[in-house]
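Comments concern the structure below.
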Amino acid sequence: MIIGLVVVIVFLIPYGTMMIGSLKTQAEILQIPPSFMPQDGLQWSNYVSMWDTPETPVPYNLISTIVISVFATLLVLLVATPAAYFTARFKFPGKMVFMFLVIVTQMLQPAVLTAGLFKQMLAWDLNDTWLAMILINAAFNLAFAVWIMHSFFAGVPRSIDEAAQIDGAGKLRVLFTINLPLVWPGIVTAVIFTFVSCWNEFAASLVILSTAENQPLSVALTKFVGQYATAWQYVFGVSIVAIVPVIVLFALIEKRLIGGLAAGAVK
């Protein structure tokens, strides 16, 4: 119990520091010696003024982050679900090679492929667009989603599919009405990890998205860090705003996520 409490405190200290720093003035953050708690009162006005700063249009950055993350996650779900079901249920030539290649793609990250991705988006006339980042994020998260959902579909007895087909159900109906409710924890797990990965993506967004309004929060944060000065109160404030949706999402589906991870470990 005590060890667990210590671990929780250690993990919460950075977030507490960010929260307190977001409520200080810039001069107070930089003062020497530093003070942990605000000495000039809580500067809640930082959370108002950060939405209208000369560095970057934070409201548009938040919208951009939401749009890219949501639609990339939906695209991954749309493609990964039938792919995972097919690989788990049917045998085809080169199946093991295909699954190996799927997992190998996890070794590749946008950070090491930014030059190629930039040229590809230019060739498709998609550079500096949300669609480009939706496709990129979906592509780099698809392999993980297929693998984790594959294990759940493989754990569903084939006899259930066969019984449904005997009753006249087609393959699509078997997938959507019979299998999906049984593998729901795996789908939730894949969706959460995909969404968080898309939400936090930085390298490709920095290169592909050049217009300030199109950039996500992960890139917008860098605008507050200048060569000679850094608006730390806004860095902390925008960081808090960026992590709140993820925390809320985890809180809403915590039980399903834990159940999915535990079931995946057993499988």
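Just a few scattered comments:
- Principal semi-axes of the equivalent ellipsoid, √(5λ) from the alpha carbon gyration tensor of the chain, are 42, 24, 15 Å from largest down.
- FRET efficiency, Val246 to Leu122 (Cβ-Cβ, R0 22 Å, nearest 0.05): 0.10
- Cross-link partners of Lys223 among aspartates and glutamates (Cα-Cα below 14 Å; sequence separation of 8 or more within a chain): Asp52, Glu55, Glu213
- Proportion of all alpha-carbon pairs of segment 1-64 beyond 13 Å (%): 71
- Accessible-area value, Glu213, 1.4 Å probe, nucleic acids and ligands omitted, Å²: 80
- Environment charge of Ala169, counting only residues whose C-beta is closer than 12 Å and scoring Lys/Arg +1, Asp/Glu -1: -1
- C-alpha center-to-center spacing [segment 129-189, segment 1-30] in angstrom: 40
- Amide hydrogen neighbours beyond the local backbone of Val183, cut-off 5 Å, H modeled: none
- Of the DSSP H helices in the chain, those whose Cα atoms cover at least 27 Å axially and whose Kyte score averages 1.0 or more: 2-21, 58-89, 130-154, 232-252
- Net +/- balance of residues flanking Leu30 in space, Cβ distance below 15 Å, scoring K and R +1, D and E -1: -1
- Straight-distance candidates among the aspartates and glutamates for linking to Lys24, with alpha-carbon spacing under 17 Å and chain neighbours fewer than 8 residues away dropped: Asp40.
- Computed packing ranks the peptides 57-65, 34-42, 243-251 as 57-65, 243-251, 34-42, most packed first, by mean other Cβ atoms within 10 Å.
- Full-stretch length increase - Val112, Glu213 - with 0.36 nm per residue and alpha-carbon distance subtracted: 33.9 nm
- For the chain, a Gaussian network of Cα nodes joined below 10 Å ranks Ser69, Ser218, Ser159 by mean-square fluctuation, and the top entry is Ser159.
The values are calculated or read from the model by the stated rules, or taken from the named source; none is laboratory data. This one's a predicted model, so the numbers in the text were calculated from it and none came from an experiment. Ideal geometry is used to build each Cβ from the backbone, glycine not excepted, and the neighbour counts take in all protein chains shown. Please note that ligands, DNA and RNA were not included when accessible areas were found on the heavy atoms of the full protein model with its side chains. Shrake-Rupley method; radii C 1.70, N 1.55, O 1.52, S 1.80 Å.
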